[in-house]
1. Looking at A:THR261, A:THR311, A:THR306, which is the one that is open to solvent by less than 10 Å² (accessible area, probe 1.4 Å), of a type in the set (Val, Ile, Thr) and within 24 Å of A:ASP162 (Cβ to Cβ)?
2. Which one of the conditions (1) farther than 30 Å from A:LYS114 by Cα; (2) away from RNA strand B (no atom under 12 Å from the Cβ); (3) polar (S, T, N, Q) does A:GLN215 fail to meet, given that it meets all the rest?
3. Would you be able to say whether some residue in region A:52-59 is touching a residue at least 60 places away in the same chain (Cβ under 8 Å) and over 20 Å from A:ARG486 (Cβ atoms)?
4. Return the residues of region A:62-79 that are farther than 14 Å from A:LYS89 by Cβ, within 40 Å of the chain's Cα centre (by Cα) and surrounded by 16 or more Cβ atoms within 10 Å (Cβ to Cβ); say none if nothing qualifies.
5. Scan (1) more than 12 Å from RNA strand B (Cβ to nearest atom); (2) outside any loop (DSSP other than H, G, I, E, B); (3) at pLDDT 95 or above for the single condition A:GLY561 breaks and write down its number.
6. Just for region A:124-134: of the residues that are surrounded by fewer than 24 Cβ atoms within 10 Å (Cβ to Cβ) and within 12 Å of RNA strand B (Cβ to nearest atom), which one is nearest to A:PHE359 (Cα to Cα)?
7. Considering only region A:187-201, I want to know if a residue exists there that is over 24 Å from A:SER370 (Cβ atoms), surrounded by 18 or more Cβ atoms within 10 Å (Cβ to Cβ) and over 35 Å from the mean Cα position of the chain (by Cα).
8. Could you run through region A:244-264 and say how many residues are touching a Leu at 6+ places or on another chain (Cβ under 8 Å) and within 14 Å of RNA strand B (Cβ to nearest atom)?
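The values are calculated or read from the model by the stated rules, or taken from the named source; none is laboratory data. Note that the coordinates shown come from a computational prediction; the quantities given were computed from them, not determined experimentally. Because the Cβ atoms are built from the backbone with ideal geometry, glycine has one as well, and the counts that use them run over all protein chains shown. Heads up: the accessible areas ignore ligands, DNA and RNA and are worked out on the full protein's heavy atoms, side chains in. Shrake-Rupley method; radii C 1.70, N 1.55, O 1.52, S 1.80 Å.
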Amino acid sequence: MFIQFEDEVKSVLKRAFEITGFRFSDLSLEESEHADLATSAAFRLGAACGKSPISIAREVRDAIRLDDSELIGRVEVAGPYINFFVSEKYFSRTVERIHAEGVDFGSVTGTGGKKVIVEHTSANPNGPLHVGHIRNSIIGDTLARILRRCGWDVEVQYYVNDMGRQIAVVAWAFEHFELDSSMKSDHAIADMYQRANQLLEEDEERWKEVNELMQRVEGGDELVLKQFSRVVEPAMDGIRETLKRLNIDHDVFISESSFVTSGDVFKIVEDLKRTGRVRVDDGAFVVDLKDLGIEKSLVLQRRDGTTLYTTRDLAYHRWKAEQCDWMIDVLGSDHKLVSRQLRLVLDLIGVKQPDIVIFEFVSLPEGSMSTRKGVFISADELLDEIKKHALEEVSTRRPDTSPEFKERVAEIVGRAAIRYDIIKVSADKAMVFNWREALDFEKQGAPFIQYAHARACSILRRARGDGEEDDLGSADPTLLTGESERELIKKMAYLPKAIERAGQDLKPHILAAYARELAESFNQFYRDSPVLNAEEDLRRARLMLVDAARTTLAITLETLGMEAPEEM
RNA sequence: GGGCGUGUGGCCUAGUGGAUAUGGCGGCAGCCUCCUAAGCUGUAGGUCAGGGGUUCGAAUCCCUUCACGCCCGCCA
């Protein structure tokens, strides 16, 4: 409903500018603590036409006609600011609308099925996901959910790097070690990877054998590819299992090698040669990007005729581009330069460019993580540990409940807590993983939001138990005039805007902050406004509000990839 | 050395041109005969890394210095 209010403000303001004859280029609308929406346009208009901003603000205010608007209640001038406030109707309409639309509130539907492919995680299958990888997964998955709500037909892809050097190392190690079958498969692969690296360090000569595998696989040698898949498959099985525990799902897993066997990589090289930008450097083909602002030229094909990771990535993107209207890649900050190169080169051959969402690294207090050295905290370990803590929490808080209940709550609270801690922080901020903080359930994180939802459900459950409130249709939301009722409704009305902003800016942390504020508003309402003991009409109106809050919290949680428990 | 990014109370963090800088954690002081206290209320705590500039107005833009991270492979 906030978006509709904003539209009305834009329209009346535009008209007022026309009437007063001010040339506007920018309405300068901003959310403000002093109003529901405000504009500081008078400052700029004042500078442009030599009048005082204050008098301009008054003039514009006087020209504003609210005849056609029902969501704007009043307009006030405060110095040079013009402040807009929502109307009475805004509140009742919001509650009614959420009641009518249910879980579709805040969803844009029927946009013609424009398709976006979100690529995320795409971690090398040489070990389990660690706490750095899952920042990628969680950002990507949350974005996918947000864009789905924004009306996009979203497909999520995992690009499987099944022919990298790391994979070759493990494939080579298969000739020397047994896979430890007592471990989860991806952990067993990592273990083998580490042992192989030790062996290679001790005897540098052995690299020759690994390099031979690399050469053969880059030439598309089916036999070696099969050997590689003995590594990739168990690793991917383990990774998929971890992702599932995080409530993350991919639609398509596409392997890097498929672009070699299909010949697509070589077509890319040929097409680029035709652009006249490719030069031969010591037998290798490279693309010069100096005039496009990048000193470092991009190597497409080695002297020996094989291609590189980036070349295959180009082929992958061309293939992807043909299937969608928009591409988004979620990548770690180490890919900043490469992804810029990728975008430029794609443009050279007329392929649309992906939007790249870059996130900064997650490190450990003692330094950066390394699968090779075995220095990392795996996502599985974190999930197990947090579930253990969640189980302790639920056991002390709800000692009377069944073991199954405790188990289920611990699982959904645990994974949500992990997701929230990661998604709440802006992607361009480096993070240091901290066990104490990760396992802290007291702070305002996911459990706080889930708890608000459970509280709402609890009230509704009791009301239903009283045998009355199944028809909230007859409730009168205009009775909801209390301060904290109003604040809560305003927050609920903002949900579609929060989702829209997060989607437009590709910044999922915006939604995380919103979720926390929404839960806070509900908790304040919960404190101030007794529902079940209220007088009959008010009771029914408040039940309708609680129901709308429950819906809004559930939508928000779902979009963040977190379960909304009815009880916890 | 060059490029990109980050720097906000003890710790973490929101805010990238607008009104007294947002929250959390931790601290201190309170609130359960009442819908789940995984909750609520109050309070202390700030040279928005330093300096200079632009602007009616700067955490936000420009210049500069410093600190930290990532990148600068015919690796992936």
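1. Numbers: A:THR261 fails: open to solvent by less than 10 Å² (accessible area, probe 1.4 Å); A:THR306 fails: open to solvent by less than 10 Å² (accessible area, probe 1.4 Å).
When all the criteria are applied, what remains is A:THR311.
2. (2)
3. We begin by selecting, within region A:52-59, every residue touching a residue at least 60 places away in the same chain (Cβ under 8 Å); these are none.
No, because not a single residue in region A:52-59 is touching a residue at least 60 places away in the same chain (Cβ under 8 Å) and over 20 Å from A:ARG486 (Cβ atoms).
4. Once the filter is applied, which keeps residues that are farther than 14 Å from A:LYS89 by Cβ, within 40 Å of the chain's Cα centre (by Cα) and surrounded by 16 or more Cβ atoms within 10 Å (Cβ to Cβ), region A:62-79 yields A:ILE64, A:VAL75, A:VAL77.
5. (2)
6. A:GLY132
7. Let us first name the residues in region A:187-201 that are over 24 Å from A:SER370 (Cβ atoms), namely none.
No, region A:187-201 has no match at all.
8. If we filter region A:244-264 for residues that are touching a Leu at 6+ places or on another chain (Cβ under 8 Å), which is where we start, we get A:245-246, A:249-250, A:257, A:261.
Retained after the next criterion (residues that are within 14 Å of RNA strand B (Cβ to nearest atom)): A:257.
Of the residues in region A:244-264, 1 are touching a Leu at 6+ places or on another chain (Cβ under 8 Å) and within 14 Å of RNA strand B (Cβ to nearest atom).
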